[in-house]
Each structure stands twice: as C-alpha cells, then as structure tokens.
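Reviewing the structure listed below.
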Amino acid sequence: MFKQLVYIEKSIKNHANTIQVLDKIQPSQIVWIDHYKEVLNQTNSNWLFNKKFQKIVLAKRENEFYYKGSHHTSNLGHQHFYYNTLALNCLYHCEYCYLQGMYNTPHLVLFLNNNDYINATRQLIQQVGDIYMALSYDTDLPALEKYYPYCKEWIEFANNEKNITIEIRTKSHQIDFIHQTQPSDNVLLSFTLSPEVIQNRYEPYTPSLEQRLKAVQNAIKKKFKVMICFDPLIYTTDYKNIYTDFFNHVFQSISAESVVASIGVFRMNHQFFKRIRKNGNRSDIYYKEYSIENKTIMYPKNIRNEMIMFVQSELQKRNIKDIFIYE
Amino acid sequence: MTPKLLVFAHPQEAAPFIEKYSCNTLFQLKTIQCLYSENNQIYFLITSGGAVNTSVALSVFFERFSTLKNNILCFNIGIAGSFNKPIYHWHYISKITNYHNNKSFYPDIFIKANYAEIMTIEFPANKKIMSVYPDVLFDMEAFAFANTLKFFVQNHQIHCIKFVSDNDGVIKDIHELLSHYQKQLSEALNIIQDIENIFTTKLVQNADTEKELKIIIESLPVTQSQQSQFKKAAVYYLQHNGSLNQIRQIINEHHLHTIKIKSEKNSIFRKILNQLYNV
C-alpha cells in the first residue's frame, strides 16, 4: 500500500468520515478528484505493477447501494439474496481472485457514506421482506476496519433489524469489531481457510492459517455464528492428501458443532480470466486446462464432481452438519 | 539500465540536462531535435512549445524507435507557472488536467516526492486564470505529452517534472530563472533516478544466462507477444532453481518447432508456460 498519496472526491472534502479516515492514513499529498472512476477505471494501466503501489481512493457512492446476488456464489438457501460493495478492490493479492480482471487498476476505493447504504437496505427490506446480504464480495471488509468501521456499523444495524441476515466474509484475522458489537442469529462471520501449501502459493499477504484459526475460535467464543469457507478449492494432483491433513488440522482446533461450512471449486468469469492472463499474471492457475460453462471458467466436470464429493465426505466424517455447496 | 526519454518544449529547458550527459544528435526534423547519450541510454527530445508540437514530436520519435516502447521511461521536464507555489522549486506531477475540457490523467505514482498538480492550457496562463487554481501549476504541454504517450507506452512509464518559474504568468528575469533551474538540477535528476530504481531490479542476475536466454527466446517460432510471455515464464523458472538446459529440454519435448497449425501451436505453447510456472 502506497499511503503517501490519497485520492479524494471533492464532494466529500469536509465530510466527517473523510477527516476521520485521513487522520489514520496521514498522507503527504491529497489529489482531489471529481469521481472515483477517474482513477479506478483509468485505461492503459499495468494492473500488476500498480498493485505494488496500491493507493486509497475515498469516495461517495451515489446509487446502486446493493445488487442481486451473483450466480458465482451460494445463496445459502435464502430466496432474496443481495450483495453490496462498501469498498472496491482488496488489500490482499490472492492469485485466483477475480478482482484482478474486474477493474483497470487495483486501487482501493472506500465509500464513506455507509449510512446511505444502510438506509437503502432498510427500504429494500420494506419492499421484499427477508433478505440475505453479503457485505464484502469485492473486498475484504474486516481487513479495512482499521480505516472505517464498516463491520461494526452493519452488525449494529443487523442487531436491530431482524429481517436481514448479513454475511461478512474474510481472510483477515483482525476482527476486533466482535468485541465492540453483540452477536445475533442474523450475523454470519465467514472465514475463508486454505491449506498452508495453497495459501503460501496463491494467497500472498494474507494472515497465516494459525492466525485465521485463532480468529475463528475468538468469534465462536464470542457466540457469533461462524461459517468456514473452503472456497476456492484448488486442484493439485495430490489434493486429497493436502485437504485431508488440512481438515484434520482445522478440526483439531475448532469444534465441528460450532460452525457451518461452505465449499466451492475454483471458478471465474471468462472475461475476467482472459483479462488477468493478458495483464501478465504468471500464476500457473491461468495456464491449466479448464472448461467454459455459462461464460464461467471451471475445472472439467469430472474433476469438479470428484473434488466436491471428496471434500463433502471429509467434512461429513468430521460431523459438520450444514454444508453449503456451490456447484 | 532502463532507457529514458526526456522531453522538453524549449532548448533552454533541455540545455542543462544535455550538458550533463555527452550526447550526439540522432535526428532533426523541422523544429524537432532528438539527441542521444549512449552511455546513459537517455534520449533528449526537444519539441517546441504547445500541445500539437509535443504530440507530433512524440509520434515521430516512437515511429522511429518503436522497439523502445515496452520499457522506456518518459519524462516531460520544464518550467511552469503557479499562483501560490513558491518559485524555483521542482515538483513531481500527481495529476495532469486539460484546462479546456477538464479531463485528467493520473500518473502512476510510486515514489515519495514534492508533488503538485498541473493544468495544461493552450495559451500562456495569466495571473487571473492562475488565481482560480492557486496551488496548481500551469504549462502548455503536459496533458498532450501524457495523452499522446498513452498510445505508445503504459501509464507507469509516463512522468512529469516541473520547475516553478513565476507566480503571475510573467517571467521577470529569464537569466535568473535559468540559473536557478540549473542550480537545482540535481532535484530533478534525483526524481528520475528514484523512478528508474523501481524498474532496475535485475530479473536474471547472470549476464551470460541472460544472453543465452535471449538466444533461446529468439529461436522460438512464436509471436513477439508470446516471446515476451515466454521470457517471463523462463525467468520465473530460473528464479526457482531451474536451469537453461532444462528449459531447452522442455521446448524440445513439445516439438514446438515442427508444429504448423496455429491453434495447435498455441495450445502447446500454453503447456510449455504451464510447465515452466510449475517448477
């Protein structure tokens, strides 16, 4: 992260949240912009090069405070599934992540009008009734909590609004917000875990497995509902051994009754995949054999089925009752 | 060493830089002058003032030296006015705006420096215009420089360094200005050096290995873009304890040289890359 320089939309120049975030970043230069897309969507950028010097953009979202849930993710059995984008792009740089192909630059956009999101969601609930809202698809919110208390404010909202279930998905171990908020049945903290060998290879800058397991334990101890996401499952020739050892390790420190699980194999929008490869990502992930179904890059069906069945049975062996599967 | 292109509107702005490095004239076309310092791999391009002249000169340069576009670092260097910024200081430009249509270019910033924003205007900015944007610098070329270069190179290769010459659109003493410009040259050179340092981490440490790798790459029956993809994969392979002989072996195993059908060749090429990245 390159914090010497921060881009800020002119419209939020005197906003209290802007001043609060700036206090934490302490940049030596502010560049005033009319709209965050001027920076985020700048053409002709080298994405990977800019990732090394990722910058923060502070902005105000004018509309589209939520979207219909993506078919690339599980709706966890909810009829009205939505997601929102409180921030764009991520602090981490997971090699399998679709964000590398989604925007022209990797700069981190933080929308500071969180209240507008909450008010729009309140109106949505009035229109459609019970909803399931995933909070952090295009970023990792808990990792950004040090800049703005998104998680805290949404959990407080969910505590008082029972017609919403929120999911906060993360690879971060920084979940101090659980000590400042109350758990409730409609708040789900999802922790993405991967075997160490996969993590070392494809998830640079993310907290270690041990740190993440400790965060899971803390969340359970504080009585939060917890989901463990084994997603994406990455295929390697010896994946069965790798994942068996990994599950043994994970469920030594976490009791199976305290969590639900979700699983899904690696998949990505075809256009994003092509763009990431064009941008020069050297990961072997982008040179494997895939099939394309519904404009989505996936492992061939036989591999997919084999991996899902294997992981599902391994989890069942360890008495995980609720397993959500993305196929 | 990374090749660099230093672009100036006027010979007086270029003079101290040219003086510092020993250069030869490469070409002259009407008012466009291009010099080259072979030892330092620096090209000096003097364009004449204004947006059109800058665009034309850059197009002429890259038409002649198109092979440089993948790694050359380009700098627009010169003087600029500003209502508030103190005179006789260098600034590294963080935002370039066209005064007439308000479009902006945001250079990829990756060094800590004395930043400033600049506005490019088609006529010399007077005090009244400058006072509306008091902290901004004003010049007549930067936006055209960036916008034209976007056609030839990527954004992280485009940089702008400006020296504040006046606070009211009037240069009172040109000799004094040029004297300060020259005296503080090292500040501009430090910015250039800092940026270059980001790019000069050697991928392959051994010069012989690099030379041999180049021969292997050039012998591959693939497109230029595939050659560049292959180079990245091969460097990755070497950095992970692979050897040149093993690279040769991988190429031979796949019989890339004997395949005539393009789609088949592409598929085999991808398999080779996969193998190199899976070292």
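The values are calculated or read from the model by the stated rules, or taken from the named source; none is laboratory data. Note that the structure is a prediction, hence the values are computed from the model and not measured. As a convention, Cβ positions derive from the backbone with ideal geometry for all residues, glycine included, and neighbour counts pool all protein chains shown. Ligands, DNA and RNA are excluded from the accessible area calculation, which covers all protein heavy atoms including side chains. Shrake-Rupley method; radii C 1.70, N 1.55, O 1.52, S 1.80 Å.
Reported count of residues in region B:124-176, each being closer than 30 Å to B:Ile198 by Cα and not hydroxyl-bearing (Ser, Thr, Tyr), is 29. The lone criterion from (1) over 13 Å from A:Ile254 (Cα atoms); (2) part of a helix (DSSP H, G or I); (3) among the charged types (D, E, K, R) left unmet by A:Lys223 is number (2). So, of the residues in region A:20-29 that are open to solvent by less than 50 Å² (accessible area, probe 1.4 Å) and within 23 Å of B:Ile111 (Cβ to Cβ), which turns out to be farthest from the other protein chains (Cβ to nearest Cβ)? By that ranking, first place goes to A:Leu22.
Among the conditions (1) in contact with a helix residue (DSSP H, G or I) (Cβ under 6 Å, 6 or more places away or on another chain); (2) surrounded by 14 or more Cβ atoms within 10 Å (Cβ to Cβ); (3) more than 13 Å from chain A (Cβ to nearest Cβ), B:Ile216 misses just one, which is (1). Within the set A:Asp238, A:Asp231, the sole residue that is under 20 Å from A:Ser283 (Cβ atoms), charged (D, E, K, R) and under 19 Å from the mean Cα position of the chain (by Cα) turns out to be A:Asp231.
Applying a threshold of 6 Å to beta carbon distances and a minimum spacing of six or more residues, or different chains, the list of pairs starting in region A:203-218 at a residue that is more than 22 Å from A:Leu99 (Cα to Cα) and open to solvent by less than 40 Å² (accessible area, probe 1.4 Å) and ending at one that is polar (S, T, N, Q) and assigned to a helix (DSSP H, G or I) reads A:Leu213/A:Ser253.
Just to verify a result, which residue in region B:35-59, among those that are in a helix (DSSP H, G or I) and either touching a strand residue (DSSP E or B) at 6+ places or on another chain (Cβ under 6 Å) or of a type outside the set (A, V, I, L, M, F, W, C) (or both), is most open to solvent (accessible area, probe 1.4 Å)? Applying the filter and picking the extreme gives B:Asn53. For region A:226-243, give me each residue that is in a loop (DSSP other than H, G, I, E, B) and either among the β-branched types (Val, Ile, Thr) or surrounded by fewer than 16 Cβ atoms within 10 Å (Cβ to Cβ) (or both). Scanning region A:226-243 gives A:Ile234, A:Thr236, A:Thr237, A:Asp238.
For every residue, the table says whether it meets (1) more than 18 Å from A:Ile33 (Cα to Cα); (2) under 14 Å from the mean Cα position of the chain (by Cα); (3) within 14 Å of chain A (Cβ to nearest Cβ).
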| site | (1), (2), (3) |
| --- | --- |
| B:Asn71 | yes, yes, yes |
| B:Cys74 | yes, yes, yes |
| B:Gly78 | yes, no, no |
| B:Ser82 | yes, no, no |
| B:Pro86 | yes, no, no |
| B:His89 | yes, no, no |
| B:Thr97 | no, no, yes |
| B:Asn102 | no, no, yes |
| B:Asp108 | no, yes, yes |
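If only residues of region A:157-202 that are more than 30 Å from A:Gln123 (Cβ to Cβ) and basic (Lys, Arg) are counted, the one that is least open to solvent (accessible area, probe 1.4 Å) is A:Lys171.
Within region B:229-274, how many residues turn out to be within 14 Å of chain A (Cβ to nearest Cβ), open to solvent by 40 Å² or more (accessible area, probe 1.4 Å), under 19 Å from B:Asn206 (Cα atoms) and touching a residue at least 24 places away in the same chain (Cβ under 8 Å)? So the count comes out to 3. For residues in region A:173-213 being touching an Asp or Glu at 6+ places or on another chain (Cβ under 6 Å) and within 15 Å of A:Asp231 (Cα to Cα), which is modelled with the lowest pLDDT? Per the criteria, the residue is A:Tyr202. Of all the listed residues (A:Ile320, A:Ile325), the sole one being within 19 Å of the chain's Cα centre (by Cα), closer than 27 Å to A:Asn218 by Cα, of a type outside the set (Ser, Thr, Tyr) and at pLDDT below 95 is A:Ile325. Taking the criterion of being touching a helix residue (DSSP H, G or I) at 6+ places or on another chain (Cβ under 9 Å), surrounded by fewer than 23 Cβ atoms within 10 Å (Cβ to Cβ) and assigned to a strand (DSSP E or B), the only residue of region B:164-192 that qualifies is B:Asp166. The single residue among B:Ala125, B:Ala146 that is open to solvent by less than 40 Å² (accessible area, probe 1.4 Å), part of a helix (DSSP H, G or I) and small (Gly, Ala, Ser) turns out to be B:Ala146.
Scanning region A:36-55 for residues that are within 24 Å of the chain's Cα centre (by Cα) and either more than 7 Å from chain B (Cβ to nearest Cβ) or open to solvent by 60 Å² or more (accessible area, probe 1.4 Å) (or both) yields A:Tyr36, A:Lys37, A:Leu40, A:Asn41, A:Trp47, A:Leu48, A:Lys51, A:Lys52, A:Gln54, A:Lys55. Taking region A:245-327 and the strands (runs of 3 or more DSSP E) fully enclosed by it, the elements with 1 or more residues that are surrounded by fewer than 19 Cβ atoms within 10 Å (Cβ to Cβ), without any contact (Cβ under 8 Å) to a residue 24 or more places away in the chain and away from every other protein chain (no Cβ under 14 Å) are at A:291-293.
Annotation: of all residues in region A:3-19 being open to solvent by 20 Å² or more (accessible area, probe 1.4 Å) and without any contact (Cβ under 8 Å) to a residue 60 or more places away in the chain, the one that is farthest from the other protein chains (Cβ to nearest Cβ) is A:Ala16.
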